[in-house]
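A.B. asks: I'd like to ask you about the structure that follows.
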Amino acid sequence: MALRKCRECGAEVSTAAKTCPKCGVRRPIKGMSKLLIGFLGLSVLSAWAVIGNLVVKSIPPPTAATATPTANAAPAPEPIQLSAPKTVKIVRQTTVLDDFGGMVSTLTIKNTNKFAIKDLRLLCAHYAPSGTEMSPTVAVIYEILRAGQTRTFHDVKLGYTSPDAKTYSCTVATADPA
């Protein structure tokens, strides 16, 4: 057992002592309460979620211009600006929040193009109960979707959202030719 100073008189007292042997005060050594520890833990998790959301939002989708070319490598194809509602469509979306405020979705996406696409960049909007759009997030599905294919993607991580968000909607913003 460790020795600590009494909160009243400053005498050294065992951490297991119920009273100070010098001044007689009850509970001479106070530890952090469970409520304070819980509050600190929740604060750290909240800060982590907010910082994670800011980082996700601040990272732009990669483009051929920002990619670092390697020696003898073919240039990367330019991303295709898709008319998302017309050529690539999310036909079904189910989103749940994990324990830390991260959104995890199952998305069924249909490619109506005449060519295969890959690296689908999703733009996800979050809405408050009032219908106000909150801060959006960006996610990328690093898979190939063949021409005319409809495919379901499970456990797609869409970033963090505010606990006030009640509904979510994603669209395919861009994709690269496969």
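The values are calculated or read from the model by the stated rules, or taken from the named source; none is laboratory data. All values derive from a computational prediction rather than experimental measurement. Counting neighbours? That spans all protein chains shown, and the Cβs are built from the backbone with ideal geometry, glycine included. Each accessible area value is taken on the protein alone, full model and side chains, heavy atoms only, with ligands, DNA and RNA left out. Shrake-Rupley method; radii C 1.70, N 1.55, O 1.52, S 1.80 Å.
A.B. asks: Run through region 82-159 and list the trypsin sites (Lys or Arg not before Pro) located in a DSSP loop whose Cβ has at most 16 other Cβ atoms within 10 Å.
C.D. replies: LYS114, ARG146
A.B. asks: Starting from the Cα of LYS18, draw a straight line to each of the lysines and keep only those under 29 Å, dropping any in the same chain fewer than 8 residues away.
C.D. replies: LYS5, LYS30, LYS34
A.B. asks: Given the whole protein assembly as supplied and a 1.4 Å probe, what does the accessible area of ILE37 come to in Å², nearest 10?
C.D. replies: 90
A.B. asks: Can I ask one more? Which residues among region 103-132 fall inside the zone where the amide N is under 11 Å from a point 7 Å beyond the Cα of THR171, along Cα→Cβ?
C.D. replies: 123-125
A.B. asks: Based on Cβ point charges of +1 for Lys and Arg and -1 for Asp and Glu, what charge dipole magnitude is obtained for region 110-156 about its Cα centre, in debye rounded to the nearest 20?
C.D. replies: 320
A.B. asks: Sort LEU145, LEU42 from largest to smallest accessible area, using a 1.4 Å probe on the heavy atoms of the protein chains.
C.D. replies: The most accessible residue leads, giving LEU42, LEU145.
A.B. asks: Step through the table entries LYS89/LYS157; LYS86/LYS114; LYS110/LYS166; LYS118/LYS166; LYS86/LYS157, compare each Cα-Cα distance with 20 Å, and write down the pairs that go over it.
C.D. replies: LYS110/LYS166; LYS118/LYS166; LYS86/LYS157
A.B. asks: OK, next. Counting pairs of Cα atoms in region 102-158, how many percent are more than 20 Å apart?
C.D. replies: Within region 102-158, distances greater than 20 Å cover 33 percent of Cα pairs.
A.B. asks: Leaving ligands, DNA and RNA out of it, rank LEU122, LEU97 by accessible area with a 1.4 Å probe, largest first.
C.D. replies: Descending order: LEU97, LEU122.
A.B. asks: Leaving out ligands and nucleic acids, and using a 1.4 Å probe, what accessible area per residue does region 83-132 come to in Å²?
C.D. replies: 53
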